[in-house]
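What follows is one structure encoded as structure tokens, with my remarks underneath.
The values are calculated or read from the model by the stated rules, or taken from the named source; none is laboratory data. The structure displayed is predicted, hence computed values, not measured ones. Virtual Cβ from ideal backbone geometry, glycine too; neighbours counted across all protein chains shown. Accessible surface is based on the protein model in full, side chains and every heavy atom, while ligands, DNA and RNA are left aside. Shrake-Rupley method; radii C 1.70, N 1.55, O 1.52, S 1.80 Å.
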Amino acid sequence: KEGMDGSVRSMVWENFLRKYKIPYIRATAPDMLDKVPAHSVLLLPSSAALTAAEVASIQGARARGVSVLSTWLTGVRNEAGEWRGFDTMEKMLGVRVAGTTEDAQDDNFMMVAGDSPVLHALPAGNRVWLERVKDYWPLRLVGAHAAAHMMTWGREYASEKPTGVIAYDEQKQASGLYSRSVVLGYPEQLWLSADPKHLEAIAHNALGWLFRQTDAYLAGWPHPFHNGFVMAVEAAEDVAEVDL
């Protein structure tokens, strides 16, 4: 009803999973999720329309310790295409949608936070350009932890404007088991024009964390230092000895 091509979302991920030899099974019915063992990962690629049975199955899978990788809009519409709202995302994934980047035409860069368990494959502050495509605007996410932010090229920040575009968390379920979640706030449609190395690194890093694979990497600020200070001198002409 919205005129969006749903084939792109699954095609992008299946190509990615085959490329990196990650085994997967396509779920074609909600009851298939009842057989998914704990510590598996359920991938929901821009699954904007979900039935009530599918929502219940996803929540049941999380209660059994299954983790979730979700992209863009998830469960915001029912099977008839009618608007359900963002509440489903908050209940299923623990993330609140605070809008999109539609009203900010310069927020075209995803800035990697760095040193997070789900996104250390790219250096902190790495700019990942995302094309502005009508109706495929990246989401502004508010979650427990943010791994990347949508900002201008100059990394302008305003405290009143949520900037998170990748959110992650690990929640203890009523069953006592733990379920992890990573929400990528951009649709697969934007993979087609962005740098594939960047987006594949993000996806691979997130999946590794969801699968609870151990990892070792260099931190941005080695122990015992907690921060750094850089002072810049802006001069109209060449920097002379007196400036230094």
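Short version: ³J(HN,Hα) in whole Hz for each residue of region 134-150, in order, from phi by Karplus 6.51 cos²θ - 1.76 cosθ + 1.60 (θ = phi - 60°), x for Gly and Pro, what are they?
3, 6, 10, 6, x, 8, 9, 9, 10, x, 5, 9, 10, 10, 7, 9, 8
Going by amide H atoms built from the backbone, whose H comes under 5 Å of the H on residue 145, apart from near neighbours?
Hits under the 5 Å cutoff: 168.
Could you tell me the relative contact order of region 85-244? Use alpha-carbon pairs under 8 Å, at least six residues apart, and round to a whole percent. Spell out each step's value before the answer.
On the way: 251 pairs, mean separation 35.0, N = 160.
After rounding, I find 22 percent.
Are there any GluC sites (Glu not before Pro) in region 152-244 that are in a DSSP loop and have at most 15 other Cβ atoms within 10 Å? List them by number.
On the way: sites: 156, 160, 170, 188, 200, 234, 237, 241; in loops: 156, 160, 234, 237, 241.
Within region 152-244, the qualifying GluC sites (Glu not before Pro) (loop, at most 15 other Cβ atoms within 10 Å) are 156, 160, 234, 237, 241.
Structure shown: which of 19/197; 21/134; 19/91 lie over 24 Å apart, alpha-carbon to alpha-carbon?
Distance filter (> 24 Å) returns 21/134; 19/91.
log₁₀ I(q)/I(0) of region 22-81 at q = 0.14, 0.16, 0.18, 0.19 Å⁻¹, via Debye over equal Cα point scatterers, no solvent, to two decimals?
The computed values of log10 I(q)/I(0) come out as -0.36, -0.47, -0.60, -0.66.
At what distance in nm do the modelled label points of residue 80 and residue 197 sit from each other, each positioned 7 Å from its Cα along Cα→Cβ?
5.0 nm
What percentage of the solvent-accessible surface of the chain, computed with a 1.4 Å probe over protein heavy atoms, is contributed by carbon and sulfur atoms? Present the calculation step by step, with values, prior to reporting the outcome.
Numbers: 7520 of 13940 Å².
Carbon-and-sulfur percentage of accessible area, whole number: 54.
When the label point is put 7 Å from the Cα of residue 25 along its Cα-to-beta-carbon vector, which residues of region 41-72 have a backbone N closer than 18 Å?
41-45, 54, 57-69
Calculate how steeply helix 52-63 sits against the longest principal axis of the alpha-carbon atoms of the chain, using the helix alpha-carbon long axis, and give the answer as 0 to 90 degrees to the nearest 10.
Tilt relative to the chain: about 70 degrees.
Which value, in Å to one decimal place, does the Kirkwood hydrodynamic radius take for the chain when every pair of different Cα atoms is included? Can you show the working numbers first?
Numbers: mean 1/r = 0.0518 Å⁻¹.
For the chain, the Kirkwood estimate is 19.3 Å.
May I ask for the angle, rounded to the nearest 10°, between helix 196-210 and the longest principal axis of the chain, with both axes built from Cα atoms and the value confined to 0 to 90°?
Roughly 60 degrees between the two axes.
Quick one: length gained pulling residue 240 to residue 157 fully straight, 0.36 nm per residue minus the C-alpha distance? Don't skip to the end; give the middle numbers.
Working: separation 83, 0.36 × 83 = 29.88 nm, distance 3.23 nm.
Answer, rounded to one decimal: 26.7 nm.
Report the full-extension gain for the segment residue 35 to residue 135: residue separation times 0.36 nm, less the Cα-Cα distance, to one decimal in nm.
Gain on stretching residue 35 to residue 135: 32.5 nm.
Which value at 222 nm does the chain reach when only helices count, each DSSP H run of 4 or more adding -39,500 (n - 2.57), with the total divided by all residues and rounded to the nearest 500 deg cm²/dmol?
Details: 4 runs with 47 residues, N = 244.
Helix-only estimate at 222 nm: -6000 deg cm²/dmol.
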